[in-house]
1. Quote the FRET efficiency, to the nearest 0.05, computed for Phe104 versus Asp130 with a Förster distance R0 of 22 Å and r equal to the Cβ-Cβ distance.
2. Rank by packing, highest mean first: peptides 264-270, 26-32, 404-410, 420-426, with packing defined as the count of other Cβ atoms within 10 Å averaged across residues.
3. Which of the peptides 82-88, 9-15, 236-242 is most tightly packed, and how do the rest follow, going by the mean number of other Cβ atoms within 10 Å of each residue?
4. Under a 1.4 Å probe, what is the accessible area of the chain per residue, stated in Å²?
5. On a full-extension model of 0.36 nm per residue, what is the gain between Leu418 and Asp155, subtracting their alpha-carbon distance, rounded to one decimal in nm?
6. May I ask for the angle, rounded to the nearest 10°, between helix 492-508 and the longest principal axis of the chain, with both axes built from Cα atoms and the value confined to 0 to 90°?
7. Give me the distance in nm between label points sitting 7 Å out from Cα along the Cα-to-Cβ direction at Ile490 and Ile257, one decimal.
8. Which FRET efficiency, nearest 0.05, do Asn403 and Trp295 yield, Cβ-Cβ r, R0 51 Å?
Amino acid sequence: FQAFVYFASVFQAMSCGIHYLASVFMAVTPNFVCGIPGNVSSVLFYNSSESSLEDIWTLWTSTENYIVVQLENGETWELSQCSRSKREVSLDLAYEYKGNKSVFSCSDGFLYDDTKWKSTVVTQWDLVCDREWLAKLIQPTFMLGVLIGAVIFGDIADRLGRQRVVWFTSAGQFVFGIAVAFTFDYYSFVIVRFLLAMVSSGYLVVAFVYVTEFVGIKARTWASMHVHAFFAMGIMIVALVGFLVRTWWVYQIFLSIATLPFVLCCWMLPETPFWLLSEERYEDAQKVINIMARWNNVSTPCKVSELCSVQQEDLVGGGTGDSDTSSTKKHNILDLFCNWHIARRTITVWLIWFTGSLGYYVFSLSSVNLGGNEYLNLFLIGAVELPCYIIACIGMDKLGRRNTLIPFLILSALICVLIMFIPQDFNILIILANMAGKFSIGVAFGLIYLYTAELYPTIVRSLAVGSGSMMCRVGSVVAPFCVYLRSVWIFMPLLLVGIMALLSGILTIMLPETLGKPLTNTLVEATEMGRNKKSCSGKTPPAHSGTALEKIEMFGQETVSTEK
């Protein structure tokens, strides 16, 4: 049962990877020049003379180039990307001209190179020249929707349940994904994509919680880590569909229907027993447990009523007035800075979250600009993630969380520096180095989820992970702007990622190792885990053992191993 729920849920995570990276081909800007104010009789580009403009694009090498065209009425025009000039004297058709010219704006639109892409959103709405900034806002506005969606749907999932949010966000991804293809102008396109980003992010956040609450303790690390792997498979699908479909709205439709099977069957997924018990819906929780028992051939499923009675006994036997008062104390973001040691830990963890997200999307979004086959580049950038999560899991269990995080952060910084010294003609070597960079930053990005949860006590653990996730979203919003800095210096994005990764790796040395250590319950215990003497105010008692939720979790493990 747990396996069915897990693979059904993470299958839809592919759609998140699809929509997050869809813009790399959908919003590409091909070569272009100003439109022609008439019918063309001949075209000249340097020493090459052609009868049609389409034959010139194979010779186009720089945005500084211009094309000379002669119209049927005898006029001669020079066409550049954002302006056009009419020659005052049109005797002979020559590329070089020293006479007087009249400069005009591109009032007749633009002519685009359609040898690679038949249509993109840039060519659809002329997002070039003075409207180029609109094209550059497509990915950042999507990532802003990702940030907001994670906050909104994470809160809704706690209030209304995981099941309803999974249903709504899954259907929303399909509906908004299809709707994007039928938007009628740029602004409706951005708005619908923003809504698509919100539901995609909402699904990914809730899916992590959903599968974690169903999967047993022994498989939890591997199961949660490999949600990222299905996200990476979504990136690979983007590369494949982009190669096969070169019209942006058809491309968007194909990407949106890729996970349609899940939308049709997601209503079968149940609510998690954890959430049902937290809401005191014991009968519903019992129904889910009975279904699990039938699927896993367990003849004597556990009874929620028995577990709840045990929980009440534990609470009565272990609770005191002072403890109850302190345990119900509300905590806020300031508790993550209650003393110097916890504050330093928080700043470091936030920086790792930000750097991991920044590096992840810089390597992914830049892959189509590496030279060679851009579709193969993106496919390989996605494929390299699959083994990196296996390495992360093995490293966390064998070497420890910190001892795995530090070398891969520093390695990613060194790779960024290495890429700067590779000659631009060595395309294969550049692609391999970028894959290595994506691999190393992927390992660090993957394990920070679990490491953050282990670094903080129970009373602020969700707050710590949530705030770290917010920094992750900020990194994803900044990443597209970082990629655009290639126009300033081709290595500027790599330089920024390298500096951030090196700084994060050095600061990680000061974090405590959590492998094999019990989870802490109070800020005092969390501070002492770092071998510090200062403590935070406001102690809370250790968490009670033997709760109903813990026993449900144990039952989930037993049902998995019944067949052995």
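1. 0.90
2. 404-410, 26-32, 264-270, 420-426
3. 9-15, 236-242, 82-88
4. 45
5. Taking 0.36 nm per residue and subtracting the Cα distance, the gain is 90.4 nm.
6. Roughly 20 degrees between the two axes.
7. 4.1
8. Approximately 0.85, to the nearest 0.05.
The values are calculated or read from the model by the stated rules, or taken from the named source; none is laboratory data. Small disclaimer: the values here were computed from a predicted structure and weren't measured. Here Cβ is always computed from backbone atoms with ideal geometry, including for glycine, and neighbour counts include all displayed protein chains. Note: areas computed on protein heavy atoms with side chains; ligands, DNA, RNA excluded. Shrake-Rupley method; radii C 1.70, N 1.55, O 1.52, S 1.80 Å.
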